[in-house]
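Below is one structure; the comments refer to it alone.
The values are calculated or read from the model by the stated rules, or taken from the named source; none is laboratory data. The structure displayed is predicted, hence computed values, not measured ones. Positions of Cβ are generated from backbone atoms using ideal geometry, with glycine treated the same way; all protein chains shown enter the neighbour counts.
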Amino acid sequence: MKRRNWLKAACMACLLGCLPTLADAQELNARITVNHSQISTTRTSIFEALEKNLTRFMNERQWTGMKYQQNERINCTFSITISQYKEDENLFTAQMQVQSTRPVFNSTYTTTVFSMKDNKFNFNFQEFDQLNFMPEQMDNNLTAMMAYYAYLIIGMDMDTMAPLGGTEVLRQAESIVTGAQNLGFEGWKAYDDNRNRFAIINDYLDGGMEPFRQMQYQYYRNGLDIMADQVDQGRAAITEALTLLQKAHENKALSQLPQIFTDYKRDEIVNIYSKKGTSEEKQKVYDIVFGINASQSNYWDKIKQ
């Protein structure tokens, strides 16, 4: 795919500060759904407005200076479930499942790059609000959270295209966490939750977790992307990538990133190794993923079949 080679050059240009801002070059193809079935109200227009405005906000804003063709935009979903709505305060209590995917080269297969549930997705919103995001004036928790995930998704996607390719974009997500500390909403504070927004970007950019980021490129670009033509070589690269995952886990044992990764990659990893590869390779991979995420042992057992 042209985008992969182009992104390598784009990352270099971005780092050098010489990539121009380009119009009509939005990065995301986001599908947003708002489930309000738990809320007893006949006034559903507020939820429809929320879904419509968030879709426009994510898809029509240019988040970086890079140019994406229409078919290169990153597919992602944001499934928001409203559990409580205080109309007099315009306050929503919600959870959101976020997921991003990317196509695998020379195939019809798409693979998950990131997937996580945000259990503290709480915010204020009125039906006729205009959603804007200004990093230097962070005063809206809803747009701050959505911008955070936009930068996180784009940065992680870039990491799969070039080694550590998303650093500059990921720094934007980190900056949002810093700016959102005084918004008064949960999910931004250090040590409140080892899976909250602070923890995810803090761990992802931690020096000890660099093998995790190196793993992204090895797993996707050197592994999955060549499997259509070179199955054994691609699988060997993925095995090496999982070794990097193990190193990251050893470097920062309290980080949840390796476990989160194995949660949403569970089926894919099993399919890559089940009834394929050598017994030594299977055992190595089994030991790695079981050591990181023993809760999925029923799935990992399939690797050795």
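Summed over the range 170-186, the residues that are closer than 22 Å to Gln97 by Cβ and either within 16 Å of the chain's Cα centre (by Cα) or among the β-branched types (Val, Ile, Thr) (or both) give a count of 4.
Picking from Tyr204, Tyr191, Tyr148, which residue would you name as being more than 30 Å from Thr44 (Cβ to Cβ) and under 16 Å from the mean Cα position of the chain (by Cα)? I'd like the intermediate steps shown before the answer.
On the way: Tyr191 fails: under 16 Å from the mean Cα position of the chain (by Cα); Tyr148 fails: more than 30 Å from Thr44 (Cβ to Cβ).
Residue meeting the stated conditions: Tyr204.
Counting only residues that are within 27 Å of Ala49 (Cα to Cα), modelled with pLDDT of 95 or more and either of a type outside the set (D, E, K, R) or touching a helix residue (DSSP H, G or I) at 6+ places or on another chain (Cβ under 9 Å) (or both), the range 67-113 holds 25 of them. Within the range 32-83, the residues that satisfy the criterion of being of a type in the set (S, T, N, Q), assigned to a loop (DSSP other than H, G, I, E, B), in contact (Cβ under 8 Å) with a residue 12 or more places away in the chain and surrounded by fewer than 15 Cβ atoms within 10 Å (Cβ to Cβ) are Gln38, Thr41, Gln69. When you scan the range 84-100, how many residues do you find that are surrounded by fewer than 17 Cβ atoms within 10 Å (Cβ to Cβ) and among the β-branched types (Val, Ile, Thr)? So the answer is 1.
Is it the case, given these coordinates, that Thr262 is within 30 Å of Ile176 (Cβ to Cβ), hydroxyl-bearing (Ser, Thr, Tyr) and either buried (at least 17 other Cβ atoms within 10 Å of the Cβ) or outside the structural domain of Ser107 (by TED's automatic domain parsing) (or both)? Spelling it out, Thr262 is indeed within 30 Å of Ile176 (Cβ to Cβ), hydroxyl-bearing (Ser, Thr, Tyr) and either buried (at least 17 other Cβ atoms within 10 Å of the Cβ) or outside the structural domain of Ser107 (by TED's automatic domain parsing) (or both). Is at least one residue of the range 191-214 surrounded by 15 or more Cβ atoms within 10 Å (Cβ to Cβ), part of a helix (DSSP H, G or I) and hydroxyl-bearing (Ser, Thr, Tyr)? Looking for residues that are surrounded by 15 or more Cβ atoms within 10 Å (Cβ to Cβ), part of a helix (DSSP H, G or I) and hydroxyl-bearing (Ser, Thr, Tyr), one finds at least one in the range 191-214, hence yes.
Take the residues in the range 215-228 that are at pLDDT 95 or above and in a loop (DSSP other than H, G, I, E, B), then tell me which one is farthest from Asp139 (Cα to Cα). Residue satisfying both the conditions and the ranking: Met227. Taking the criterion of being touching a Gly at 6+ places or on another chain (Cβ under 9 Å) and either aliphatic (A, V, I, L, M) or buried (at least 17 other Cβ atoms within 10 Å of the Cβ) (or both), the residues of the range 105-147 that qualify are Asp118, Lys120, Phe121, Asn122, Met138, Asn141, Ala144, Met145.
Does Tyr299 qualify as being among the hydroxyl-bearing types (Ser, Thr, Tyr) and either in the same structural domain as Gln181 (by TED's automatic domain parsing) or touching a Lys or Arg at 6+ places or on another chain (Cβ under 8 Å) (or both)?
Numbers: among the hydroxyl-bearing types (Ser, Thr, Tyr): yes; either in the same structural domain as Gln181 (by TED's automatic domain parsing) or touching a Lys or Arg at 6+ places or on another chain (Cβ under 8 Å) (or both): yes.
Criteria met by Tyr299.
When the residues of the range 84-126 are narrowed to those that are touching a Lys or Arg at 6+ places or on another chain (Cβ under 9 Å) and in a loop (DSSP other than H, G, I, E, B), which ends up farthest from Thr178 (Cα to Cα)? Applying the filter and picking the extreme gives Phe105.
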